[in-house]
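The structure under discussion appears below in the form of structure tokens.
The values are calculated or read from the model by the stated rules, or taken from the named source; none is laboratory data. All values derive from a computational prediction rather than experimental measurement. We place every Cβ from the backbone using ideal geometry, glycine too, and count neighbours over all the protein chains shown.
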Amino acid sequence: MQDVMKGQGPAHRRRVMPRADGGGGERGTWLLLGPALLFLTVFAVWPFCYLIYASFTSYQMAIPVPIHWVGLGNFEALVSTARFWHSLGVTAAFALVSVPLQLLIGLGIALLLNGISRGRELYASLLLTPMMLAPIVVGFAWELFLNPIYGPLNALLKAIGLSPPAWAQSPAWALPTLVIVDIWQWTPLVMVILLAGLRSIPTRVYEAAKVDGSSAIQTFLNVVAPMLLPYFAVAFVLRFIDSFKVFDIIYILTRGGPGTITQNLAYYTYDLGFGRFQFGRSGALSIIQLLLLTFGTMLIIKVLAKRNAPPSAQTALPAKVTERV
Amino acid sequence: MASITLDHLNKWFGPSVHAVQDVNIHIEDGEFFGLLGPSGSGKTSVLRMLVGLERPTEGQILFDGVPVQDKTPQERNVAMVFEQNALYPHMTARQNISYPLRVRKASRESIAHKVAEVAALLNIGALLDRRASQMSGGQQQRVAIARALVRDPNLLCLDEPIAHLDTLLRARLRGELKRLQRALGTTSVIVTHDPIEAMTMTDRLAVMRDGVLQQVGSADEIHNRPVNAFVAQFFGLHSMNVLTVESCVDQGSHIAGRLGGEPARLPQTVERFFGGSRRTASIGARPSGVIALRANEPIPPVDGFTAAGHVYVTEQLGDAQLVTVQIGDQSIQCLTPDLYPFEIDEPVRIFIPDDILFLFDNDTHVTSRFASRSPLDEVKAARVSAA
Amino acid sequence: MSALTQTLHVPPKAKIRTEGLVGVVLRHAVLIALVIFCLAPIVWLLITAFKPYGELFSSPPTLFPIHPTLVNFAAGWSVGGGRGIRDSLIVATSSTVLCLILGFPAAYALARRFAAHGQLSFTILSLRMLPPIVPVIGFYLMFQKLGLYDSYIGLIIAYTFMNLPLVIWLLAEFIRQIPRSYEDAARIDGAPWFRMFCDILLPLSAPGIMTAAILSMMFAWNEFLFSLVLTGDNVITLPKALADFFLFQEPNWGQLGAIGIVAMGPLLILCYLMQRYLIRSFTAELGGR
């Protein structure tokens, strides 16, 4: 008997046993994961194949001409247009102007909230309101608020003797208006992430710094900032990724206009695909976005990860942060 | 109730972690058995295999001679009390206790009857409608024990059941558990890292280290006849001193010893032990047997080990003093009655009578000689003569 | 909490009266200004919802309605708000239920059978990072082929695809915090796996399931691009109804505000109620590490 058991041993040893084999071992694991993975795979791969296919062909839905292979033609046609470069610039305005401003303002509010002892939760709740609203509602709430004729803001500004612009309807102010609305809606997310970071720094750290005779500014630079960095990184990455998604407020506030001034990549993609049914171009443009986004995100992570951020906080964060609405 | 045999039990986690290495233990029917070892010693893996949460990679588990390693926990009819989070937090104590019976689809009357019976046994009748969060740690652990016992298990397993409770409660529950086990006669296995728990509660126990079974025996056996230096140091109220002694031959045939680089006088047995080509050995002595002498005190006129050093630190234990003496690069602890407190840095000599000295082979760490006398023998003798 | 703020911001005792008090007042003043800025456009919309038609376009605008009315709510409901709420409810609820049914077992498997933050869960989560404009083209072409364009099922699939990665990830994180010993105990108590799942795991995961459900519901409720592209006249979700009403008709701000409030109100209240719990668990968990 024992010899038999011994003989079986090495074969058994090779298998990595799951710690709790309640669901029937490895087979059970895949049984549990299977449906969700299948769903995600099917609905990620299938549409993606369509997208790839479209982007290398002359796919146009409205015109009944045969579809033919154009290779990189769609990509070449796109990058030779000024509209493409302009919409890239608009996306960059959100990613590289709006997002850094959100980070800065969010940090300021988080520090402010961390510095008060009463009413922190109430303030935080109220300040979080914008990010819980549907972007569509945000869009027309601002449209009404900024209306040059019957909106309250301009009435107020006129009353104190200023001559305010027509905001979303004026060529010069349309993009800044969208950036302001984007900042208004999403700074709360940055704030709540950084506030969580500040709250997670143990009291003894501040006490130790104080005992060591460090001033408030020194404490912030030498103690708080390094500990906050992982949270900052998470906020940055999330907002950077989201900045490529801006669409709804453009759709409501400016429809890409006046002219095409406020069309970003997402809006341009939509316009090509569903305004003119040029799915080849549209597909190529969305692939360009995907590449830009992937490259940009990796760059940010690489730069920020160098400042040896504790991995636990970095990985732990997005879970709860995704409470962003 | 059942007798239990672990037969060449092995557990691998992945190809590289050999958590349990060829463990053979026999536990008698009705015995209270302890698995003792530091964390990572494999004791919990053995327990999890016993109850059926893990499958052994190799080897057999037999209940009354019947192999059970392929059976579910329910088929084995085992019960287990966990260290923490022992109760389902969303159920009341009553629901917790009755859960194993409800799963077994027992009738409503028999469930009520069994719950009442076991609640009376553990004196938790008043707690039955509370949830875990409304009970103290000790109460929770009692309810957990009730849930374990309600199914009349063949084997009761306890995984550090009282380790996280505070000291006083732990001492009380130790006694209660022991009495309960005696009264019910259920074969029980307790896993613990605390030698005192293991010693005080169990009939017999096994000491494990790095997945390897070191020694099985009664607390007395393991305390007085540890098989190696690890067991000697791990087991007992105070860790045994194990010191490396070197021999250097000077003036012909006389063998002089060194301890931590300082000269030391060796007892004859150790000298004989060195007789061959051996250059080092380990000696062991429990702190209660080591005598610390002030500079002006004479060395007792019996054979023993002597070396000189200074007091590194003293720890007041109330009725006694634990003195750590530094000799060269080695330190040794002695437990002295608190008659005349020692001072830190005070020069002292230590003396260990030959008959309480253990000797360990320095290569294998296996015990070469056991002490012939326990430091408590005088107390025993005094009681015998008083009687 | 108060200990932390004290060590950070209360200056040495001598100065506490002058600098400390001024600082506190200043901080609250700035915060109140920020709150006003955050709420102003929304509050204005709320006020507008109670204005009669004649008052909507008065310039300069009236701060409070002179003749407050509820007529906008009834009208807003009949011009498409009711339809939008109904369709959004159908789509958001169905996709949330689907997300939980598919997501909970997967989350359990990820939490218990894989190392924390493993490659697989990262891959799943990165799906969520896609800008929706990328999958929406593929979905559109695929749905045209499958006959799912402008159908409830199509939009439910799209929203499930969008929210499932997040649901799995949130639930996996939650389940990871439930001690294994409960499951071990249930097995030793003799419960078969499925019974353990129902009796022990589901009740213990309830708060996590609630959080995931509310978030998934909210995302689906607020989503615009998918419903704009993937549906026509048959399915009109609330954001789409609002956008259509806003862009293709003379904007009746009173009715828009009324629909917006009915659509966002319950959600906002739910969020305010949940926020305390969310923020607290968020900070506590991160602080505990």
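Here is a list: C:Arg83, C:Arg113. Which entry is of a type in the set (Lys, Arg), farther than 30 Å from B:Phe13 by Cα and at pLDDT below 90?
C:Arg83
Output the qualifying pairs, or none if there are none: Cβ atoms under 7 angstrom, residues six or more apart or on different chains, first residue in the stretch B:29-48 and within 14 Å of chain C (Cβ to nearest Cβ) and touching a residue at least 40 places away in the same chain (Cβ under 8 Å), second residue among the aliphatic types (A, V, I, L, M) and in a loop (DSSP other than H, G, I, E, B).
Short answer, once both residue conditions are applied: none.
Kindly provide the set of residues from the stretch A:157-177 that are surrounded by 15 or more Cβ atoms within 10 Å (Cβ to Cβ) and within 14 Å of chain C (Cβ to nearest Cβ), ordered by number.
Within the stretch A:157-177, A:Pro164, A:Ala166, A:Trp167, A:Ala168, A:Gln169, A:Thr177 qualify.
Would you be able to say whether some residue in the stretch A:97-107 is facing chain C (nearest Cβ under 7 Å) and at negative phi?
Scanning the stretch A:97-107, I find no residue that is facing chain C (nearest Cβ under 7 Å) and at negative phi, so the answer is no.
Count, please, the residues in the stretch C:116-135 that happen to be at pLDDT 85 or above and farther than 21 Å from A:Ala235 by Cα.
Qualifying residue count, the stretch C:116-135: 3.
Out of B:Phe305, B:Phe358, which single residue is surrounded by 15 or more Cβ atoms within 10 Å (Cβ to Cβ), touching a Leu at 6+ places or on another chain (Cβ under 7 Å), within 19 Å of B:Ala229 (Cβ to Cβ) and modelled with pLDDT of 85 or more?
B:Phe305
Here's a check for you: in the stretch A:250-282, which residue that is of a type in the set (Lys, Arg) and farther than 14 Å from A:Ala168 by Cβ is nearest to the other protein chains (Cβ to nearest Cβ)?
The residue in question is A:Arg281.
Among B:Arg147, B:Arg170, which is in a helix (DSSP H, G or I) and at pLDDT 90 or above?
B:Arg147
For residues in the stretch C:16-74 being aromatic (Phe, Trp, Tyr) and more than 9 Å from every other protein chain (Cβ to nearest Cβ), which is farthest from A:Leu127 (Cα to Cα)?
It comes out as C:Tyr53.
Quick check on the stretch B:77-113: of everything there that is more than 10 Å from chain C (Cβ to nearest Cβ), of a type in the set (A, V, I, L, M) and in a helix (DSSP H, G or I), which residue is surrounded by the fewest Cβ atoms within 10 Å (Cβ to Cβ)?
Ranking the candidates gives B:Ala112 first.
Looking only at the stretch A:189-226, which residues are buried (at least 16 other Cβ atoms within 10 Å of the Cβ), within 11 Å of chain C (Cβ to nearest Cβ) and either of a type in the set (Phe, Trp, Tyr) or within 30 Å of A:Met132 (Cβ to Cβ) (or both)?
Scanning the stretch A:189-226 gives A:Met191, A:Val192, A:Ile193, A:Leu195, A:Ala196, A:Gly197, A:Leu198, A:Arg199, A:Ser200, A:Ile201, A:Tyr206, A:Val224.
Does the stretch B:215-225 contain at least one residue that is surrounded by 21 or more Cβ atoms within 10 Å (Cβ to Cβ), modelled with pLDDT of 85 or more and in a loop (DSSP other than H, G, I, E, B)?
Scanning the stretch B:215-225, I find no residue that is surrounded by 21 or more Cβ atoms within 10 Å (Cβ to Cβ), modelled with pLDDT of 85 or more and in a loop (DSSP other than H, G, I, E, B), so the answer is no.
I'd like to check something: does the stretch B:7-17 contain any residue that is within 14 Å of chain C (Cβ to nearest Cβ), part of a strand (DSSP E or B) and either surrounded by fewer than 23 Cβ atoms within 10 Å (Cβ to Cβ) or within 19 Å of the chain's Cα centre (by Cα) (or both)?
Checked the stretch B:7-17: at least one residue is within 14 Å of chain C (Cβ to nearest Cβ), part of a strand (DSSP E or B) and either surrounded by fewer than 23 Cβ atoms within 10 Å (Cβ to Cβ) or within 19 Å of the chain's Cα centre (by Cα) (or both).
Condition check ((1) modelled with pLDDT under 90; (2) under 20 Å from the mean Cα position of the chain (by Cα); (3) in a helix (DSSP H, G or I)) across all residues:
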| position | (1), (2), (3) |
| --- | --- |
| C:Ser216 | yes, yes, yes |
| C:Phe219 | yes, yes, yes |
| C:Asn234 | yes, no, no |
| C:Ala241 | yes, yes, yes |
| C:Asp244 | yes, no, yes |
| C:Leu247 | yes, no, yes |
| C:Glu250 | yes, no, no |
| C:Gly260 | yes, yes, yes |
